[in-house]
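Asks: One structure, pasted below without further comment.
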Amino acid sequence: MATLEDIARTLGVSKGTVSKALSGAGGVSDAMRKSVVETAVELGYSRICRKDASRRIAVFITNMDYAKPEDFGYDILAGFRKLAEPDGYQVVVVPLSCALENSVPYDAYMMQHNYLGGLFLGLSLNDPWLEDFKTCKTPAVLYDNCVPGNPRVTSISVDNAEAMDQAVRYLKSLGHKKIGYLSHALGSYVYQQRYQAFFRAVQANGLPCSESLGKCDFFTSVCLSEHLPALLEQGCTAIVCSHDRLANSVLIDCQERGIRVPEDLSILGFDDLPLCRFTPPPLTTIRQNRAELGKSAYFALSSQLHDVSISLIQLHTELIVRSSCGKAPRRPQAKKRIPRAEPVTKKERNDEA
């Protein structure tokens, strides 16, 4: 592992100059500070477990609400802080954007801001730093993302395969013989994982697993106006949704179409957001314990900071049974042609985005 002396020798400056540059102290020009940081990253310098290290760790959040108790990220952040702060770490929430990621490499950013490591929430597959994670030296914990091969990167998630098996087994026990899957676009690692896990689950349970039974789109309006009718026309008596907010939209759309839930169609969500208790009817869903995910993220990052490399942590899920799922209808609603909604215009799609 590189030392301050190595950096100083490479640049031909004093160890004190390097120390000031890395700690953010004054008396060092911006150009020199930049050179020191870039050289430190290039040489593989790390603050992990060093006596002069700050006690700051970052939680990077993008594409995820977290400010209010009903927001998905709220409990994850609370669980993380519940363990990190008593251990003496300062937790800093950093809103993440592609502009930030494109402006500086991950290791350099962490070095510049004196962060020992980071937790990432809400990354999509096109985030620039995902490429950095393949070789980064600064510990990173990725929620619902996976970058294999780097001992400094840990993935945390729930077991999506277990979750989909729970959902499909439950619906099968209610007599459903054809189950559909509705998802937002597969532009994130987790949505891809759930999509694939769904088809493995229906196949393992001896149910139809045609590709046509899985529908996805970036726009909720398209999921409702085109994909929901398509699943019903194929004879689906139950639909599993990739997340609760989409499931709630399906429930409301069914009401407007005169489709009774659960008498004509069973709907099952994923996440167990607080809204699930108040949807019309209350939503059966797969619970992922977000507070425990936050605690697990800290456990993984703390392990990395003490040179214990963890590749993957997966938590169990729990099926939460409410009123949106019922026994399969004797005469499936899908035997009648379901009228499709008016096509979604380009303006409506832009408004939704």
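Asks: Considering only V36, V104, V153, give the residue with the highest GNM mean-square fluctuation for the chain, with springs between Cα atoms whenever their separation is below 10 Å.
Replies: Answer for the Gaussian network model of the chain: V104.
Asks: Gaussian network model of the chain, Cα springs within a sub-10 Å range: biggest mean-square fluctuation belongs to which of S103, S249, S23?
Replies: S103
Asks: Let's test the formula: R0 of 35 Å, r as the Cβ-Cβ distance of A25 and D87. What FRET efficiency results, to the nearest 0.05?
Replies: Calculated value: 0.85.
Asks: For C216, enumerate residues with amide H under 5 Å from its amide H, sequence gap 5+ or separate chain, H modeled in the peptide plane.
Replies: For C216, the qualifying residues are S183.
Asks: First compute the accessible area of the chain with a 1.4 Å probe, then give the percent of it belonging to carbon and sulfur atoms.
Replies: Roughly 51 percent of what the probe reaches on the chain is carbon or sulfur.
Asks: Measuring from label point to label point, each 7 Å out along Cα→Cβ, what is the K177 to S212 span in nm?
Replies: 1.7
Asks: Counting only heavy atoms of protein chains, what accessible area per residue, in Å², does the chain have with a probe of 1.4 Å?
Replies: Spelled out: the 1.4 Å probe surface of the chain, per residue, equals 46 Å².
Asks: Out of (1) 24.0, 82; (2) 23.6, 71; (3) 38.8, 117, which label holds the value of Rg and Dmax of the Cα atoms in Å that was computed here?
Replies: (1)
Asks: Fully extended, how many nm does the chain gain between E292 and T135 (0.36 nm per residue separation, minus their Cα-Cα distance)?
Replies: 53.7 nm
Asks: What's the center-to-center distance, using Cα atoms, between region 280-315 and region 155-197 in Å?
Replies: 18
Asks: Related question: Taking the Cα centroid of region 3-18 and of region 204-252, what is the distance between the two, rounded to the nearest whole Å?
Replies: The distance from the Cα centre of region 3-18 to that of region 204-252 comes to 59 Å.
Asks: Beyond 21 Å between alpha-carbons counts as too far, so tell me which of K178/K215; K177/K215; K34/K137; K20/K134; K172/K327; K68/K295 fall in that bin.
Replies: Working: K178/K215 14 Å; K177/K215 18 Å; K34/K137 18 Å; K20/K134 29 Å; K172/K327 9 Å; K68/K295 19 Å.
K20/K134, as the Cα separations exceed 21 Å there.
Asks: Run the numbers for R56 and V321: contour at 0.36 nm per residue of separation, minus the present Cα-Cα distance, in nm.
Replies: Extra length from R56 to V321 when fully extended: 91.3 nm.
Asks: Only Lys, Arg, Asp and Glu count, each charged at its Cβ (+1, +1, -1, -1), so figure out the dipole size of the chain about its Cα centre, rounded to 20 debye.
Replies: The dipole magnitude comes to about 760 debye.
The values are calculated or read from the model by the stated rules, or taken from the named source; none is laboratory data. Because the structure is predicted, anything quoted here is derived from the model rather than measured. Backbone-built Cβ (ideal geometry, glycine too); neighbour counts: all protein chains shown. Each accessible area value is taken on the protein alone, full model and side chains, heavy atoms only, with ligands, DNA and RNA left out. Shrake-Rupley method; radii C 1.70, N 1.55, O 1.52, S 1.80 Å.
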